[in-house]
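Scroll down for the structure; my scribbles are underneath it.
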């Protein structure tokens, strides 16, 4: 049997001695799209901007693919759940990061000033006249997050939704909501040494406009702070909020279900969270907000 292809070989990158590394590289998650443009149309438009692209397939190792590219500018086209893995590699390799909104929520794209309804326009971030900003990222343990981390009811919803999806349930989200909404389970935790009881604990990368049932926009991504909110009631009518560059959260029971940028994880308490101020270089189209 022949040896299995390494990441650089599978994405068709030129790795021979003396050949230059790819300068701009875009990973496209076709499962995040489904509208206009299609993933294929987006890839073709990216190539017209001089960008090497790779269409993600089931089982692809996203960090390995991004790392193997050797790119000075690393981008990803997907929803919020696709971004952090590529941003982590950009942080590690000191590459600039490009976000192409191509998913269902795209909260990060909105807060960084992109038009969430126009992924083709976002490709201008790869152009020579693009502008560059440095923004903060959050870190929980050894994992980074661009948006937020949550525990409690919402995290339970995300985990339940993922289980339904794995079973091929087209109604994954509403079924998860029905199962989790009536639960009155409360988290008992210590936040920086202070005891709290809450149904929801939320930690955002910079300050969020927190509203009933939802999270609003962030005015800035360079404040060097985390925003922690807790809600104790069955419905989050009111939030207790605080700001700090770092939080230690100790939760009873040791292991806890979490949602990190909307992705389900199980983490071990105590949890160390911090803001990495001005850590990530983000390229944006000159016409972005």
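Applying the criterion of being in contact with a strand residue (DSSP E or B) (Cβ under 7 Å, 6 or more places away or on another chain) and touching a residue at least 40 places away in the same chain (Cβ under 8 Å) to the residues of the stretch 115-130, the residue that is farthest from residue 97 (Cα to Cα) is 119.
Yes or no, residue by residue, for (1) part of a loop (DSSP other than H, G, I, E, B); (2) at pLDDT below 90; (3) closer than 24 Å to residue 189 by Cβ:
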| residue | (1), (2), (3) |
| --- | --- |
| 208 | yes, no, yes |
| 220 | yes, no, no |
| 229 | no, no, yes |
| 241 | no, no, yes |
| 257 | no, yes, yes |
| 267 | no, no, yes |
| 272 | no, no, yes |
| 281 | no, no, no |
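Considering the conditions (1) over 23 Å from residue 155 (Cα atoms); (2) surrounded by fewer than 16 Cβ atoms within 10 Å (Cβ to Cβ), residue 250 is excluded by exactly one of them, (1).
For every residue, the table says whether it meets (1) free of Cβ contacts under 8 Å to residues at least 12 places away in the same chain; (2) closer than 22 Å to residue 220 by Cβ; (3) part of a helix (DSSP H, G or I).
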{"site": "64", "(1), (2), (3)": "no, no, yes"}
{"site": "83", "(1), (2), (3)": "no, yes, yes"}
{"site": "113", "(1), (2), (3)": "no, yes, no"}
{"site": "150", "(1), (2), (3)": "no, yes, no"}
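Between 181, 176, 170, which is closer than 26 Å to residue 31 by Cα, exposed (fewer than 14 other Cβ atoms within 10 Å of the Cβ) and at pLDDT below 90?
None of the other options fit; the residue is 170.
Residue 88 fulfils the conditions (1) assigned to a helix (DSSP H, G or I); (2) surrounded by fewer than 23 Cβ atoms within 10 Å (Cβ to Cβ); (3) at pLDDT 80 or above except for a single criterion, (2). Remark: residue 123 falls outside the filter, which requires a residue to be in a loop (DSSP other than H, G, I, E, B) and not assigned by TED's automatic domain parsing to the domain that holds residue 270.
Going by the conditions given, is residue 80 assigned by TED's automatic domain parsing to the domain that holds residue 36 and farther than 19 Å from residue 206 by Cα? Against the criterion (assigned by TED's automatic domain parsing to the domain that holds residue 36 and farther than 19 Å from residue 206 by Cα), residue 80 does not qualify.
The values are calculated or read from the model by the stated rules, or taken from the named source; none is laboratory data. All values reported here derive from a predicted model rather than from experimental measurement. Every residue, glycine as well, gets a Cβ built from its backbone with ideal geometry; the counts of neighbours run over all protein chains shown.
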